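Since the structure comes first, as structure tokens, the remarks are kept for the end.
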Amino acid sequence: MKVVFSANQQRHAGQKELTEGALVPCFERPERAEIILRYLSEAGLPAPVAPGDRGISPIAAVHDSDYLSFLRHAHEAWLAEHGPEAGDALPTAWATHGLRKIMPRRIDGCLGYYCFDAGTPIGSGTWAGSYWAAQAALHAQMLVQGGERAVYAVTRPPGHHAHRALYGGYCYLNNAAIAAQGFIDAGCERVAILDVDYHHGNGTQDIFYQRDDVLTVSLHADPRDSYPYFMGYSDELGAGPGADFNRNLPLPLGTDWLSYAEALSRACAEVKRFAPAALVVSLGVDTFEGDPLSRFRIPVSAFPRIGAAIAGLRLRTLFVQEGGYVSEALGRNVAGVLHGFLDA
Ligand code: SP5
Ligand code: ZN
């Protein structure tokens, strides 16, 4: 299985996020990609290839242009406002509920217009890092389109929480959505996205909510208890032409492999019924029992079985990395899924 990664992605290196009332070092850090790559090489997967540059247009196919230009220039504006020594940009006020959806003039206000949490900093390398993660996903998409059975893109920063014009959850550009749109634009009639990250893929859901050519299926912790809280419920089924083309399978805190496996096979059945030309997997491994952010109980030994279940769909498959936080098990679990897929 080919692996795609650009060293430029590591230019995104957030400093602090707001968690439980304190600013703590970001959970989403460059070391994640290093750990994953180390385990892939130990597991006998090939060294990563660097993506080519397909430019902004495949990214602009799923994100609004005002949003992209905001992301590209936000940190410069932050420094202009707060001085050259200012660190990362984080919002502190949000355009929520009954407040007006107005674009303020000052950067602090613009951050709250485009962002939905206080855990997703923008630094000097955030645009470059996100851009190259998206290019990695696009390069992998092209390889699958060209005939590879499966390709893995080491996309960090991750993408599944990013909407068309909204960032959060450590995500700026929605790598999975950009790749799925890439398949559609290359002539695939139908594409499915299966999201196995611990958190609901709210951005991916929102981007394709009204469409019947991209099925989105997400397995995740019940949003009543877990981030992102305000989306991911089972009654979100799609709208308009997209009605019935979105599926959420929320699972209780403490979910173990037995109940997870059941939900995964239901999710796979939905994908199979849709008969897509290609499958994009939003591969979060933060379902792991030892993950610092989450509260499922999936053991190391189960990750190859996740890969095997996905392989059973017999579809051309593009894996993009989503969550899964720092520990040696992060690498072991990603390699486990990919190995389980290859061995099935
Ligand atoms: C891609 C992805 O997995 N994004 C997840 C974003 C979650 N952000 C909220 C994290 C709340 C963390 N609470 C930490 C508890 C540590 N004891
Ligand atoms: Zn996650």
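Values computed for the structure shown
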{"quantity": "Filter result for the condition that a residue is under 22 Å from GLY203 (Cα atoms), at pLDDT 95 or above and either open to solvent by 50 Å² or more (accessible area, probe 1.4 Å) or within 12 Å of ligand 1 (Cβ to nearest atom) (or both), over ASP256, ASP286", "calculated": "ASP286"}
{"quantity": "Selection status of GLY168, more than 16 Å from ligand 2 (Cβ to nearest atom), open to solvent by less than 10 Å² (accessible area, probe 1.4 Å) and under 27 Å from ALA7 (Cα atoms)", "calculated": "no"}
{"quantity": "Checklist (1) more than 16 Å from ligand 1 (Cβ to nearest atom); (2) within 17 Å of the chain's Cα centre (by Cα) applied to GLY323, failing item", "calculated": "(1)"}
{"quantity": "Filter result (aliphatic (A, V, I, L, M) and not in a helix (DSSP H, G or I)) within segment 259-301", "calculated": "ALA275, ALA277, ALA278, LEU279, VAL280, VAL281, LEU283, VAL285, LEU293, ILE298"}
{"quantity": "Members of segment 291-334 found to be under 13 Å from VAL151 (Cα atoms), among the hydrophobic types (A, V, I, L, M, F, W, C) and open to solvent by 10 Å² or more (accessible area, probe 1.4 Å), listed by number", "calculated": "LEU315"}
{"quantity": "Filter pass, ALA162 being within 16 Å of ligand 2 (Cβ to nearest atom), of a type in the set (A, V, I, L, M, F, W, C) and closer than 30 Å to ALA278 by Cβ", "calculated": "yes"}
{"quantity": "Selection within segment 213-242 - of a type in the set (Gly, Ala, Ser) and more than 21 Å from TRP257 (Cα to Cα)", "calculated": "GLY238, ALA239, GLY240, GLY242"}
{"quantity": "Test: residue in segment 19-31 that is in contact with a helix residue (DSSP H, G or I) (Cβ under 6 Å, 6 or more places away or on another chain) and not small (Gly, Ala, Ser)", "calculated": "yes"}
{"quantity": "Total residues in segment 17-52, condition within 13 Å of ligand 1 (Cβ to nearest atom) and either among the β-branched types (Val, Ile, Thr) or assigned to a helix (DSSP H, G or I) (or both)", "calculated": "3"}
{"quantity": "Within segment 108-141, considering residues that are polar (S, T, N, Q), crowded, with 19+ Cβ neighbours inside 10 Å and away from ligand 2 (no atom under 16 Å from the Cβ), the one farthest from GLY87 (Cα to Cα)", "calculated": "GLN141"}
{"quantity": "Extreme residue, farthest from ligand 1 (Cβ to nearest atom), among residues of segment 195-213 that are in contact with a Gly (Cβ under 7 Å, 6 or more places away or on another chain) and hydrophobic (A, V, I, L, M, F, W, C)", "calculated": "PHE208"}
{"quantity": "Selection count where residues are aliphatic (A, V, I, L, M), touching a residue at least 60 places away in the same chain (Cβ under 8 Å), open to solvent by 10 Å² or more (accessible area, probe 1.4 Å) and out of contact with any Cys (no Cβ under 8 Å at 6 or more places or on another chain), scope segment 259-283", "calculated": "1"}
{"quantity": "Subset of segment 194-222 [among the aromatic types (Phe, Trp, Tyr) and open to solvent by less than 10 Å² (accessible area, probe 1.4 Å)]", "calculated": "TYR198, PHE208"}
{"quantity": "Residues being open to solvent by 20 Å² or more (accessible area, probe 1.4 Å) and either in contact with an Asp or Glu (Cβ under 7 Å, 6 or more places away or on another chain) or farther than 10 Å from VAL4 by Cβ (or both) - total across segment 142-162", "calculated": "5"}
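The values are calculated or read from the model by the stated rules, or taken from the named source; none is laboratory data. Remember, it's a predicted structure, so these values are computed and weren't measured experimentally. Note that each Cβ is placed from the backbone with ideal geometry, even for glycine, and that neighbours are counted across all protein chains shown. Protein only, heavy atoms only, side chains kept; ligands, DNA and RNA dropped before computing areas. Shrake-Rupley method; radii C 1.70, N 1.55, O 1.52, S 1.80 Å.
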